[in-house]
Amino acid sequence: MANVPQPTSAFQVALHAMSLPQAWRKLGPAPVVAAIMLILIVLAVILAPLYVPHNPMSMDSANRLQPSGGDFWIGTDAYGRDLFSRVVTGGQVSLLIGIGAAVTSVILGLLIGLVAGFFRWADGIIMRIMDSLMAIPAILLAIALVSLVGPSVMSVIVAITIPEVPRVVRLVRSVVLSAREEPYIEAALALGSSMPKILWQHLMPNTIAPLIVQGTYICASAILIEAILSFLGAGVSTEIPTWGNIMAEGRDYFRVNPGLIFWPGLMLSLCILSINLLGDTARDVLDPRLKKRES
């Protein structure tokens, strides 16, 4: 039996279209700054146990709401805990939730979207379910799920993942609907290729580029939603430091120590901004149609 020629996916086209240095020069300094900023944030968060000056969970009533300086680089909170140690350590949970929700959403959305886009009999059923989930506001659905299951890192990841899966499914489905009409898919079917082989070797590579872009947006959105849930008291347990929890605990003492809101808010903003800028850069690099319109 003759082998079907492997199509060139958009991801492969983008990789061969220009070298990495050429891509950075064309896109400007913004993605370079964003990449450096994100790397510094991730390294600071991961290596936090090696250099934080205090235990982020240790309370000291004698040092409540201390200003910046001395042993406390950016002050303390209402319980006497070192704010710098809590902000840096809190990024571990925030990034874990963002990455966990993004990876889970992409994997589930890819599997469901491949089935919905290729099998017409399943398309109607799956998409009506996805439309029903998208009709519910993501924040309200997340609050309801966390309230039912209880506050924990896993429950927050699940609560954020469920509203994001339909968006990934719609994206993958649209790519598969366009690709399945291509001659190489018809040739694969005529030659008797199995359905799993067609889905994974012929159709799935076409979804890699848009999924990379979508994954960055989901990651940034998940970090922001976690902060919103924690700020509303419906996120991770208040005993666990996250950027949202730190801001939620500090809002009553903002006039005494504005750093309780400013520093975790700054870290949150820089992290989300960096991820979104890199997502925009990935879209520009991996979308051949966009480059053709610009040329």
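Numbers at a glance
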quantity	calculated
Search result, residues across segment 111-165 that are over 17 Å from residue 228 (Cβ atoms), of a type in the set (A, V, I, L, M, F, W, C) and assigned to a loop (DSSP other than H, G, I, E, B)	119, 135
Test: residue in segment 158-173 that is in contact with a Pro (Cβ under 6 Å, 6 or more places away or on another chain), more than 23 Å from residue 241 (Cα to Cα) and either hydrophobic (A, V, I, L, M, F, W, C) or at pLDDT 80 or above (or both)	yes
The listed residue being in contact with a His (Cβ under 9 Å, 6 or more places away or on another chain) and surrounded by fewer than 16 Cβ atoms within 10 Å (Cβ to Cβ), out of 71, 131, 82	71
Members of segment 142-157 that are among the aliphatic types (A, V, I, L, M) and either modelled with pLDDT of 80 or more or buried (at least 18 other Cβ atoms within 10 Å of the Cβ) (or both)	142, 143, 144, 145, 146, 148, 153, 154, 156, 157
Out of 90, 100, 80, sole residue that is modelled with pLDDT of 90 or more and in contact with a Ser or Thr (Cβ under 9 Å, 6 or more places away or on another chain)	100
Sole exception among (1) within 26 Å of residue 216 (Cβ to Cβ); (2) at pLDDT 85 or above for residue 202, by number	(2)
Segment 81-110: number of residues that are in contact with a strand residue (DSSP E or B) (Cβ under 9 Å, 6 or more places away or on another chain) and either more than 20 Å from residue 39 (Cα to Cα) or assigned to a loop (DSSP other than H, G, I, E, B) (or both)	2
From the options 273, 260, residue that is at pLDDT 85 or above, of a type in the set (A, V, I, L, M) and within 18 Å of the chain's Cα centre (by Cα)	273
Sole residue being in contact with a helix residue (DSSP H, G or I) (Cβ under 9 Å, 6 or more places away or on another chain) and at pLDDT 85 or above, chosen from 221, 230, 193, 237	221
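For every residue, the table says whether it meets (1) of a type in the set (Phe, Trp, Tyr); (2) touching a residue at least 60 places away in the same chain (Cβ under 8 Å); (3) surrounded by fewer than 24 Cβ atoms within 10 Å (Cβ to Cβ).
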| site | (1), (2), (3) |
| --- | --- |
| 226 | no, yes, no |
| 231 | yes, no, yes |
| 235 | no, yes, no |
| 243 | yes, yes, no |
| 252 | no, yes, yes |
| 265 | no, no, yes |
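The values are calculated or read from the model by the stated rules, or taken from the named source; none is laboratory data. Computed from a predicted structure; not experimentally measured. Glycine gets a Cβ as well: all are built from the backbone with ideal geometry, and neighbour counts include every protein chain shown.
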